[in-house]
1. Sort out which residues of the range 89-98 are in a helix (DSSP H, G or I), touching a Leu at 6+ places or on another chain (Cβ under 8 Å) and open to solvent by 10 Å² or more (accessible area, probe 1.4 Å), and write them in order of number.
2. Would you pick out the residues in the range 101-120 that are part of a helix (DSSP H, G or I), in contact (Cβ under 8 Å) with a residue 24 or more places away in the chain and crowded, with 24+ Cβ neighbours inside 10 Å?
3. Quick one: how many residues across the range 33-88 are under 22 Å from the mean Cα position of the chain (by Cα), among the polar types (S, T, N, Q) and either open to solvent by less than 10 Å² (accessible area, probe 1.4 Å) or closer than 27 Å to THR292 by Cβ (or both)?
4. Would you tally the residues in the range 139-158 being over 17 Å from GLN328 (Cα atoms) and over 16 Å from the mean Cα position of the chain (by Cα)?
5. Looking only at the range 232-259, which residues are over 20 Å from PRO130 (Cα atoms) and touching a helix residue (DSSP H, G or I) at 6+ places or on another chain (Cβ under 8 Å)?
6. Test GLY348 against the stated conditions and say whether it is more than 26 Å from VAL88 (Cβ to Cβ) and outside any helix (DSSP H, G or I).
7. Looking at the range 319-328, can you tell me whether even one residue there is within 22 Å of TYR57 (Cβ to Cβ), over 19 Å from the mean Cα position of the chain (by Cα), loosely packed, with under 14 Cβ neighbours inside 10 Å and in contact (Cβ under 8 Å) with a residue 60 or more places away in the chain?
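The values are calculated or read from the model by the stated rules, or taken from the named source; none is laboratory data. All of these numbers come straight from a predicted model, not from anything done at the bench. Using ideal geometry, Cβ is built from the backbone for each residue, glycine included, and neighbour counts are taken over all protein chains shown. Quick note on the areas: whole protein, heavy atoms, side chains included, nothing else; ligands and nucleic acids left out. Shrake-Rupley method; radii C 1.70, N 1.55, O 1.52, S 1.80 Å.
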Amino acid sequence: MSSILLKIALIGGAGIGSQWLAWRIRIPAIALLLLAGLIMGPFTGYLEPKAMLGDLYKPIIGSAVAIILFEGGITLQFREIRETSTAVRRIIFPGGPLVWIFSALAAHYGAGLSWTTSIILGAILVVTGPTVIMPLLRQAQLSQRPASLLRWEAIVNDPIGAMFAVLAFETYLVLHGSHDTTSLIAAVVGALIVGIGGGYALGKIIAWAFVNGHVPEFLKSPVLLTSVLGAFAVSDLILEESGLLTVTVMGITLANSKMASLNELKRFKETVTVLLVSGLFILLTASLDMATINWLGWEALIFGVLVLFVARPAAVFLATIGAGLTWQERLLTAWIAPRGIVAVAVSGLFGATLVDLGVADGAQLTALTFAIVASTIALHGF
């Protein structure tokens, strides 16, 4: 017990220490968090999160990601995208599906992965990661239009990319006889109803309760946290990873409600999110093993070049034709797409499951995702 407590304390210290050092020397905090996780995990072997947390590893990661996405959702107000609403919609659709298709082609032809693994990996790379984008936007001080566009894309596309990956994986199971088509369709429809309808309804109920004084000030933050975790858990019972969509919709609904105490809640949630991002990134990076890192070679380099310089730019430029953006804003949006915690968490889940199902290159899913995460943090962050 004392050993586990010490490791948890070290994770917290390394996370907040990395955040502070990044602030002092003015570099992206995610880069230092990535380095700290590598040193504590695969490089020294001191930290083995999956062994340390056991069956709690996945629920802890999932719950923390849900809180992070909810916190991002309550920063998204519709009035800030009056000038870029068309561009935001285009980046999400058809931009998201285009990134999925082009990234899957890059995985198959560039990294030599099977179509099954390539399609799932392409879906995972739709996400652009609020855990990385938000700290970068705080440091970069961009003008309002491109900053708003990148923030909205990062938060909204995260659950959508996760849902794409789930859909691709479930389709694979249907094609191989593990699931039936009717069950898949029912699960997807149910997840969308609960995710969009349930998230909106819960957000409205909480806003009504807060505005009308049915919840005292000192309980508002605890009520929000427990509501987020409950909504995430219930949605995931219907379709795995669909809870991310529910909490995101719930956060956006609250952000656009008339709540006088919303700014105070945002400050509390931002504090919690900084702690969670710091700890999660170290945990996920420390979960890598040297075999996974050593596997990365020319195939990973080719894949990375195709994703960063072909797939993402092509998707964004096609999606934003006639969207009212300047060419400079389109170029910036096409280039800035760092991946983060959600991509790593989802790739770890499906990579291990694919291997169990006999898909040999499923193990490479996590390695390639981490390669993209590391390269985008370095190139886009710096």
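1. LEU98
2. Scanning the range 101-120 gives SER103, ALA106, ALA107, THR117, ILE119, ILE120.
3. Number of matching residues: 1.
4. Count: 1.
5. First pass over the range 232-259, keeping only residues over 20 Å from PRO130 (Cα atoms): 233-240, 257-259.
ALA233, VAL234, SER235, ASP236, ILE238, LEU239, GLU240, SER257, LYS258, MET259 - these are the residues of the range 232-259 that are over 20 Å from PRO130 (Cα atoms) and touching a helix residue (DSSP H, G or I) at 6+ places or on another chain (Cβ under 8 Å).
6. Numbers: more than 26 Å from VAL88 (Cβ to Cβ): yes; outside any helix (DSSP H, G or I): no.
For GLY348, the condition - more than 26 Å from VAL88 (Cβ to Cβ) and outside any helix (DSSP H, G or I) - is not met.
7. Restricting attention to the range 319-328, the residues satisfying the condition of being within 22 Å of TYR57 (Cβ to Cβ) are none.
Checking the range 319-328: not a single residue is within 22 Å of TYR57 (Cβ to Cβ), over 19 Å from the mean Cα position of the chain (by Cα), loosely packed, with under 14 Cβ neighbours inside 10 Å and in contact (Cβ under 8 Å) with a residue 60 or more places away in the chain.
Listed here are the residues, each with its yes/no results for (1) of a type in the set (Gly, Ala, Ser); (2) touching a helix residue (DSSP H, G or I) at 6+ places or on another chain (Cβ under 6 Å); (3) at pLDDT below 90; (4) farther than 18 Å from GLY161 by Cβ.
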position	(1), (2), (3), (4)
PHE303	no, yes, no, no
VAL310	no, no, no, yes
ALA319	yes, yes, no, no
ALA337	yes, yes, yes, no
GLY348	yes, yes, yes, no
